[in-house]
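Undergrad: Below: one structure in structure tokens.
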Amino acid sequence: MMKNFKLKKEDTLLLIIDIQERLVPAMFQGDKVINNNKILITALKEMNIPIIHTEQYPRGLGRTIADLGEILGAEKPLEKIVFSAFNKELKDVLIASGRINILLTGMESHVCVYQTARDLIQNGFNVFLVSDGVTSRTKENYQVGVNLIKDMGGIITSTEVALFDLLEAAGSDEFKMVSKLVK
């Protein structure tokens with residue numbers, strides 16, 4: 001069970017699962033999810049919070065969509081063929097980062113996102129599922145994925161809840177930037 005429900009800049013990381021060219025067109029509310037991921041990436045880069053993104057079988061499903069790829073910049077994705085992104089490579093990156101709170105977004109909530117969340121939680125990480133930053137092909141499967149992650153002890157949050165929790169207070173340049181992004 002999670003010890004702390006508070007997100008702090010120094011112990012948080014964003015993990016984006018498989019928002020790829022051939023997946024996006026089939027997704028329920030895909031445009032909204034992409035927009036929220038853009039907001040998160042932009043804001044977290046400004047806050048110097050690490051971002052990791054994965055790609056499931058990129059030869060078949062394509063690369064990370066260009067809209068996100070441009071904002072992510074030179075960040076190289078972790079490629080995978082298994083559904084859970086929690087493999088030795090990701091585990092090593094997370095341990096090296098010292099981050100325990102994982103903001104989790106991506107596709108699909110009931111497959112790769114769910115299995116990654118399960119493995120993260122089983123390995124002692126706190127998962128904050130960004131509910132408006134994940135999706136599946138159907139609304140039903142989206143909801144099943146969210147419910148499963150909640151039942152396992154993940155915290156269900158949203159783009160704005162997560163960003164304002166990380167900010168803690170108004171008045172800073174970061175607050176002004178986030179306020180513009182979420183308008």
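Taken together, the values in this text are just the output of simple stated rules run on the coordinates, not laboratory data. Please read these numbers as outputs of a predicted model, since none were measured by experiment. Cβ placement follows ideal geometry from the backbone for every residue including glycine, while neighbour counts extend to all protein chains displayed.
Undergrad: Only residues that are within 20 Å of Lys80 (Cα to Cα) and under 16 Å from the mean Cα position of the chain (by Cα): list them for segment 45-61, please.
TA: Within segment 45-61, Pro50, Ile51, Ile52, His53, Thr54, Glu55, Gln56 meet the criteria.
Undergrad: Right, here's the next one. Quick test for you: out of Ser109, Ser158, pick the one residue that is surrounded by 19 or more Cβ atoms within 10 Å (Cβ to Cβ) and under 22 Å from Phe28 (Cβ atoms).
TA: Ser109
Undergrad: Next up: For residues in segment 121-148 being of a type in the set (A, V, I, L, M) and in contact (Cβ under 8 Å) with a residue 40 or more places away in the chain, which is farthest from Ala26 (Cα to Cα)?
TA: Checking each candidate, the answer is Val130.
Undergrad: Here's another thing I want to ask about it. In segment 66-99, how many are closer than 22 Å to Glu10 by Cβ and not in a loop (DSSP other than H, G, I, E, B)?
TA: 9
Undergrad: Assess whether Thr116 counts as being of a type in the set (Ser, Thr, Tyr), in contact (Cβ under 8 Å) with a residue 12 or more places away in the chain, within 27 Å of Glu46 (Cα to Cα) and in a helix (DSSP H, G or I).
TA: yes
Undergrad: Next question. Is it the case, given these coordinates, that Phe175 is of a type in the set (A, V, I, L, M, F, W, C) and not in a strand (DSSP E or B)?
TA: When the stated conditions are applied, Phe175 passes them.
Undergrad: Name the residue, out of Val146, Val127, Val82, Val134, that is closer than 11 Å to Asp18 by Cβ and not charged (D, E, K, R).
TA: Val134
Undergrad: Going by what's in this entry, would Thr42 be described as of a type outside the set (A, V, I, L, M, F, W, C), surrounded by fewer than 17 Cβ atoms within 10 Å (Cβ to Cβ) and under 15 Å from the mean Cα position of the chain (by Cα)?
TA: When the stated conditions are applied, Thr42 passes them.
Undergrad: If you don't mind, another one. Yes or no: Leu129 surrounded by 15 or more Cβ atoms within 10 Å (Cβ to Cβ), farther than 25 Å from Lys80 by Cβ and within 13 Å of the chain's Cα centre (by Cα)?
TA: Answer is no for this residue.
Undergrad: So Leu13 fits all but one of (1) in contact (Cβ under 8 Å) with a residue 40 or more places away in the chain; (2) in a helix (DSSP H, G or I); (3) not small (Gly, Ala, Ser); what number is the exception?
TA: (2)
Undergrad: Here are some conditions: (1) surrounded by 23 or more Cβ atoms within 10 Å (Cβ to Cβ); (2) in contact with an Asp or Glu (Cβ under 8 Å, 6 or more places away or on another chain); (3) part of a helix (DSSP H, G or I). Ile149 meets all but one. Which one does it not meet?
TA: So Ile149 meets the others, but not (2).
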